[in-house]
Amino acid sequence: MDKIRVRFAPSPTGYLHVGGLRSALYNYLFAKQNNGTFILRIEDTDQKRFVEGSVESLIKTLEWAGLKIDEGPYVQSERLDLYKKYAEQLIEEGKAYYCFCEPKRLEEVRNEQIAKKLAPMYDQHCLKNLNQKEIDNNLKNNCPYTIRLKIPKNEIVEFDDIVRGKMRIDSNTLDDQVLLKSDGFPTYHLANVVDDHLMEISHVIRAEEWLPSTSKHIILYKAFGWEIPTFAHLPLLVNTERKKLSKRQGDVAVEDYIKKGYLKEALINFIALLGWNPGEGSRQEIFLLEELIENFNLEKVHKAAAVFDTKKLDWINNQYIRKMSPDELLEISLEFFEQKDFFQCAKKERKEKGYLEKVLKVEQERLVNLSQVGESDKYFFDDELKYSTDDIRWKKNSDEETKKYLEDAFASLEQIPEEDWTREKIEEILLIKAGEKRGELLFPLRWVLTGQKFSPTPFEIAWVLGKEESLRRLKTSLELFK
Ligand code: GLU
């Protein structure tokens, strides 16, 4: 088999879309499993859509994701002469032509066609009406022009798509595509085909939205007499309401997910499953990048739209978080803690490594993304809890009874030596003390340790807070009964 060379060819329009990351990932996986080359090409020929800084952030995001680029980035705006040369070559060979029509005329033709319920298409005015002398004159007088591809009539354009199967398009439905714009920039179609040829791309793996362009590309390859690469168009991404993903209905930028504290392993894992799965007989859902390289199969990518379900992403992210060691989890969580007001306002000892590791230990099982750290248990950082005797009362217990149970809890915890201050020990001692009266003892205890009704067990809370702070909170609560 010839050498596998694939490319990810984003347009730098602001941020990396999750769909873009999927294209990059599938290209990367296919390259890696075939000993091939993964190329980055920046398609910035639409200057109106160009956003400053997006190339840098794109590269940073790909690096973050661990998708190492083997070659590039090639930047199309630095290769303009090349595209012009190829467009002119097609003119010489009679496969493309100059078009001097002004935008106003094109608009009128279009409106007329729409009014007649015809598909809008260029009417080949310049091809049919200009002789060579007129063309030369226009060029000499620097009249603005575009170069258009002469689409052959009455042909069926055919290609085999790895995902979509056999595709057949009637060339009569295709417009004479502009190849070179009046500003001297190539269109996407010309630059894309020229570059895929020059960069010896073997497989074009890209999103389904480019499928309608492919027939024009095939005509271009044929016009140049170039070998046609193999195509694979990846399925559309839709949200859980089966609508196209859009910024309005949630995050679509990879950067947003990074900011929210999704791990790269989880995001890559989730994205990999948007269009592919290991197939019948395998229930595996957790795949590290290396496992994806081993298991991914471009031939098995499905046609049906893939549902971008953030609940699934949450589940996968949580799976990865659960597996982390306290050290690792703290290391990646720290920057998220630091963004929180409750953290910044907390006492010094609440920001210490050992303390934070304990907080995370309690949260780890339930933590869905890192931006949630501390959110459900701010009481670990807030020493001024607010509650009333009514809040902490268990069922119909009186104030005296409530006070007695809190005193019992205090006495039990006080007798545990510092070095035995473990979750297990705390639980054991408190349960012995409570006997049959678990609710009576634990309900107010939880309240006074956390200032809320629901939380992880009071044993875990006391363990994190430490002996001194737990006793202090209990003591403070007893003041309420004076
Ligand atoms: N520049 C196109 C994009 O922004 C690339 C399409 C292709 O891969 O051919 O997605």
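The values are calculated or read from the model by the stated rules, or taken from the named source; none is laboratory data. Computed from a predicted model, the values in this text were never measured in an experiment. Every residue, glycine among them, receives a Cβ derived from its backbone with ideal geometry; neighbour counts consider all protein chains shown.
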Residue that is nearest to E71 (Cα to Cα), among those in the stretch 41-58 that are within 14 Å of the ligand (Cβ to nearest atom) and in a loop (DSSP other than H, G, I, E, B): E43
Odd one out for L220, checked against (1) over 28 Å from the mean Cα position of the chain (by Cα); (2) away from the ligand (no atom under 13 Å from the Cβ); (3) not charged (D, E, K, R): (2)
The stretch 287-311: number of residues that are touching a strand residue (DSSP E or B) at 6+ places or on another chain (Cβ under 8 Å), in a loop (DSSP other than H, G, I, E, B) and among the aliphatic types (A, V, I, L, M): 2
Residue among D327, D341 that is surrounded by fewer than 12 Cβ atoms within 10 Å (Cβ to Cβ) and more than 22 Å from W421 (Cα to Cα): D341
Of all residues making up the stretch 394-411, the number that are of a type in the set (S, T, N, Q), in contact (Cβ under 8 Å) with a residue 12 or more places away in the chain and more than 10 Å from L445 (Cα to Cα): 1
So I201, is it closer than 28 Å to H302 by Cβ, within 11 Å of the ligand (Cβ to nearest atom) and buried (at least 17 other Cβ atoms within 10 Å of the Cβ): yes
Selected residue [within 15 Å of the ligand (Cβ to nearest atom), of a type in the set (K, R), more than 24 Å from H125 (Cα to Cα) and out of contact with any Gly (no Cβ under 8 Å at 6 or more places or on another chain)] from R168, R206: R206
Among the residues listed as L413, L445, the single one being of a type in the set (A, V, I, L, M) and either surrounded by fewer than 16 Cβ atoms within 10 Å (Cβ to Cβ) or in contact with a Pro (Cβ under 7 Å, 6 or more places away or on another chain) (or both): L445
Close pairs (7 angstrom Cβ cut-off, 6 or more residues apart or separate chains): under 13 Å from Y188 (Cα atoms) in the stretch 205-216, within 11 Å of the ligand (Cβ to nearest atom) and of a type in the set (F, W, Y) anywhere: T214/F231
Residue that is nearest to the ligand (Cβ to nearest atom), among those in the stretch 18-40 that are out of contact with any Phe, Trp or Tyr (no Cβ under 6 Å at 6 or more places or on another chain) and either at pLDDT below 95 or aromatic (F, W, Y) (or both): Y26
Residue list for the stretch 4-16, restricted to those being over 16 Å from P73 (Cβ atoms), modelled with pLDDT of 95 or more and within 13 Å of the ligand (Cβ to nearest atom): none
Inter-residue pairs, beta-carbon under 9 Å, first farther than 18 Å from I147 by Cα and in the stretch 114-136, second assigned to a loop (DSSP other than H, G, I, E, B) and charged (D, E, K, R), 6+ apart: A119/D175; P120/D175
Test result for L385, in contact with a helix residue (DSSP H, G or I) (Cβ under 9 Å, 6 or more places away or on another chain), hydrophobic (A, V, I, L, M, F, W, C) and either without any contact (Cβ under 8 Å) to a residue 40 or more places away in the chain or crowded, with 17+ Cβ neighbours inside 10 Å (or both): no
Any hit, the stretch 221-230, residues being among the aliphatic types (A, V, I, L, M), closer than 23 Å to D314 by Cβ and surrounded by 13 or more Cβ atoms within 10 Å (Cβ to Cβ): no
